[in-house]
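Working notes for the structure below.
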Amino acid sequence: MKFIKQVCIVQKKDTKKMYAMKYMNKIKCIGQGAVTNVLREQEMLKALEYPLIVNLWFAFQDVEDIFVVLDLLLGGDLRYHIQQNVRFTEDIVKVYLVELASALDYLRCKYIIHRDLKPDNILLDEKGHAHLTDFNVAVYVQPGKKITSVTGTKPYMAPEIFTNNYLHNDPPSYSFAVDWWSLGVLLYEILTRRRPYDIESRTPNSKICQMFQQSKKPPYRNHWSREFLEVITDLLEINEDDRLQSVQRLKTYDFVAGINWSDIAEKKLQPSFIPSQRSLNCDPAHELEEMIVEPNPLHKKKKRLDKKNKQNENNFDPYAKTRKELAEKFMAYNRERDMLEEKKEENEFSDENDTSSKPFTNSNYINNINNNNVNNNNSNSNVTVTSVSNRKGNHVNNTNSNHTNGSN
C-alpha cells in the first residue's frame, strides 16, 4: 500500500490538542484493492481504547480522501531506533515485553489477532513507552475458532501459518499464538539487530517450512541472562501449543519477577531508553525524498478540489461509482463526542439516584464541541495541519524546519 497513506500533525481548534492524522487517497485505495482493509481497520479501532495501542479519535472524509485522527507519539518507531544502532539492553527489552504483552492481552479479550507485530509498528512516546499500531491486517477470531488466511510480514510470521498450507496443501490454521511468536522475533531483533531466522520477504515458502521442520533453534547470545533466555526460547517455540502466549503464563517467569502488573497500563514503569527530544526520531533524507513525490499538500486542498470539480463537470470519471459506494460505506467517528455523551449519561443516572445532586448543566459546552466536530464531508472542520509525511509515520514539516514523528 505504498503512497496510499500519508501522515500529518494536526491540532484540534477548540481543545488545542495535537494528534496524528492519516489521510488516504480514495482512488489509490480502490486501485490497490485496499478499501476493505481500510474500512475494517477503522471499524476495529472504534471498538478499541487502551493506553498501549495507538487509539482512534476521529474519522471523516471528503471527495478525495479518507482521514483518521490518532494518538500522536513523538518517540519514533523501533525500526528507526534499531537502524540508529541504539544499544538496547535486557532491562529496556523487559519494559517492551510487558507493555506489548499487555497490549496483546487486551486484544485477546477483544478476540483480535494483530498479525503484523514488528518494529515498524511499535511507536514510542516521549517517555519511551511502547505502543502497538497499524491494524490494517488485524482480524477478529470467534471463540474456539482459528484463522485460515495467510497475511502478515513474512520474516515475523509464525511457523503454523506456513506449514499446513505449503507442506500438506491445506489451509493454515492459527490463533493468538502467532502474535507472541512475532513478539519473540521483535525482541530478538532489538537486542541483536538481526532476526532469529534468515527469512526475507522473497524467501520461498518451501525453504521456510524446511527451516521449521528441522526445529533448528536460532543462535542465542552467550551473554544473555538465564532469565531472559527462558522467555525468548519459549516465545520462539515452533510448536504453538508449547509457545509462551499469555500474560498469565508470562507472570511465572523469573525475568519479569517484581513487575507490578497493575502499573503497566498506567505507564508507571520507567523505560531506561528515552527517545531524543533534541533531534529527529526519523530519517530526514528519506522524508524529504518522500515529500518530493507528494504533489498535493493539504493546505491547498480546498482550492484544488474546487478547481477539480469544475474540470470534472464535463468529463467522465471512471471511479465515480466506486467512490460513491466507498463514501456511503464510510462512517464518520468522533470519540471525544462519544465520551462527552457517556459522561452526560453517567451524570444523569447519578442525578436520578441522588436527589441532593444538581442536574447536569454543561449542555452549552457539549453543543460547542459538537459544533466543532469533524464531519463526514469537511476535512478541515476542526483541525489545523502542521506537517506532512510518508506512510511509515516519519514526518517532515511542510512549512518550516521543525520535524517530528507521529503515529501511523
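FYI, it's all coordinate maths here, none of it is from the lab. In this text the structure is predicted, and so the values were computed from the model without any measurement. Don't worry about glycine lacking a Cβ; one is built from the backbone with ideal geometry, like all the others, and counts go over all protein chains shown.
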- Task: Might you let me know whether the stretch 153-168 holds any residue that is within 17 Å of Arg115 (Cα to Cα), among the aromatic types (Phe, Trp, Tyr) and assigned to a loop (DSSP other than H, G, I, E, B)?
- Result: no
- Item | Per-region count, the stretch 90-144, residues of a type in the set (Val, Ile, Thr) and assigned to a loop (DSSP other than H, G, I, E, B) | 3
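In the stretch 198-223, what residues are assigned to a loop (DSSP other than H, G, I, E, B) and crowded, with 17+ Cβ neighbours inside 10 Å?
Ile199, Pro218
Listed here are the residues, each with its yes/no results for (1) hydrophobic (A, V, I, L, M, F, W, C); (2) over 29 Å from Gln248 (Cβ atoms); (3) out of contact with any strand residue (DSSP E or B) (no Cβ under 6 Å at 6 or more places or on another chain).
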{"residue": "Ile27", "(1), (2), (3)": "yes, yes, yes"}
{"residue": "Glu41", "(1), (2), (3)": "no, no, yes"}
{"residue": "Asp62", "(1), (2), (3)": "no, yes, yes"}
{"residue": "Val69", "(1), (2), (3)": "yes, yes, no"}
{"residue": "Leu73", "(1), (2), (3)": "yes, no, no"}
{"residue": "Asn85", "(1), (2), (3)": "no, yes, yes"}
{"residue": "Lys94", "(1), (2), (3)": "no, no, yes"}
{"residue": "Asp105", "(1), (2), (3)": "no, no, yes"}
{"residue": "Lys110", "(1), (2), (3)": "no, no, yes"}
